[in-house]
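The values are calculated or read from the model by the stated rules, or taken from the named source; none is laboratory data. What you see is a predicted model; the values in this text were computed from it and never measured. With ideal geometry, Cβ positions are generated from the backbone for all residues, glycine too; neighbour counts draw on all protein chains shown. Just the protein is used for accessible areas: all its heavy atoms, side chains included, with ligands, DNA and RNA removed. Shrake-Rupley method; radii C 1.70, N 1.55, O 1.52, S 1.80 Å.
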Amino acid sequence: MPKLLALTGSPSTHSRTAVVADHVLRRLSHSGFETAHLAVRDLPAADLLAARRGEPEIRRALEAVAEADGLVIATPVYKASYTGLLKAFLDLLPQDGLAGKTVLPLATGGSLAHVLTIDYALRPVLAALGARHVTAGRFVLDSSVERGAGPDRLLPEAELDLFQAVDEFSDALSASGATALSPAP
C-alpha cells in the first residue's frame, strides 16, 4: 500500500492548515492510501533549530519523509512565504530528499494577495530537493475553514477545489506507479 505523509508547518496547536491537511488525508485514506500526519511543531525545537539529524524524533521524522511515496506539504502564509518552522525542517533533508516523490503543496492564509506563495516561495524549494513531480497546489482562505462548535470543516466551494487538487495529486501518483485511486464515496 502506498504511503503518503502530510507535513504541516504551522506553529499553532489548533491550525487551519492542519485542518486542511487532515481533510486531504481522510480523502486519500478512504481511497486506499496509508496516510500519516507530521506536524513539524511537535518536533523538539532545539533539535530542529540546531539541525540535530541524529536525535531520535528528528531521525524518525526524516525517515518518514524518506519512506513516503508522496507528500502533502501544507503551510500557513507568514510574511508572503511559507513558515520558518517548515523551512527549518526542509533544511534538514538531504539535497535529494524528495527525489522520486510526488508532492502536493498547500497553503492557507487570510488574503488572496498571498495566493502565489506556492509558486514563488514553496515550489522552488521542493524542486531543489529533487521532487519528481510537484502537482498544482492550492491556496485555501482562512475564512473557508470553519472551526469551533462541532467538527472542523471546509466551506463546500473550498472543499470542491481542494478535492480537485487531491484528484490531480492521485493521478500523478498513479502515473508514478503508486496505485490508482478509486473515487471517494
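Using DSSP H assignments, which helices in the chain have an axial alpha-carbon span of 24 Å or above and a mean Kyte-Doolittle hydropathy of 0.0 or higher?
156-175
Can you list the lysines whose alpha carbon sits under 22 Å from that of Lys3, skipping same-chain ones fewer than 8 residues off?
Within the straight-line cut-off, Lys3 pairs with Lys101.
Please identify, among Thr17, Thr108, Thr135, the residue showing maximal mean-square fluctuation in a Gaussian network model of the chain using a 10 angstrom Cα cutoff.
Thr135
What percent of all Cα-Cα pairs in region 1-133 falls into each 10 Å bin, going from 0 up to the bin containing the maximum distance?
Cα pair-distance distribution for region 1-133, in percent: 13, 46, 37, 5.
Give the value in nm², to one decimal: projected area of the alpha carbon convex hull of region 1-49, averaged over all directions.
3.7
What is the list of residues in region 1-34 whose amide nitrogen lies under 15 Å from a point 7 angstrom out from the Cα of Asp142, following Cα to Cβ?
10-20
Taking H placed 1.01 Å from N in the peptide plane, check which residues at least 5 places from Ile73 or on another chain put their amide H under 5 Å from its amide H.
When sequence neighbours closer than 5 places are left aside, the close amide H contacts are Leu7, Leu104, Leu106.
Applying the Karplus parametrisation 6.51 cos²θ - 1.76 cosθ + 1.60 with θ = phi - 60° to the phi angles of region 105-121, what ³J(HN,Hα) value in whole Hz is obtained for each residue in order, glycine and proline being reported as x?
3J(HN,Hα) across region 105-121, in whole Hz: x, 10, 9, 10, x, x, 8, 5, 4, 9, 5, 7, 3, 4, 6, 9, 10.
Pick from Pro124, Pro76, Pro151: which residue has the top mean-square fluctuation in a GNM of the chain where Cα pairs under 10 Å get a spring?
Comparing Pro124, Pro76, Pro151 in the GNM, the peak value goes to Pro151.
Give the Kirkwood hydrodynamic radius (Å, one decimal) of region 137-177, defined as one over the mean of 1/r across all pairs of different Cα atoms.
11.5
With a 1.4 Å probe and all protein chains left in place, how much of the accessible area of region 29-116 comes from carbon and sulfur atoms, in whole percent?
53
Averaged per residue, what accessible area in Å² does the chain show with a 1.4 Å probe, protein chains only?
46
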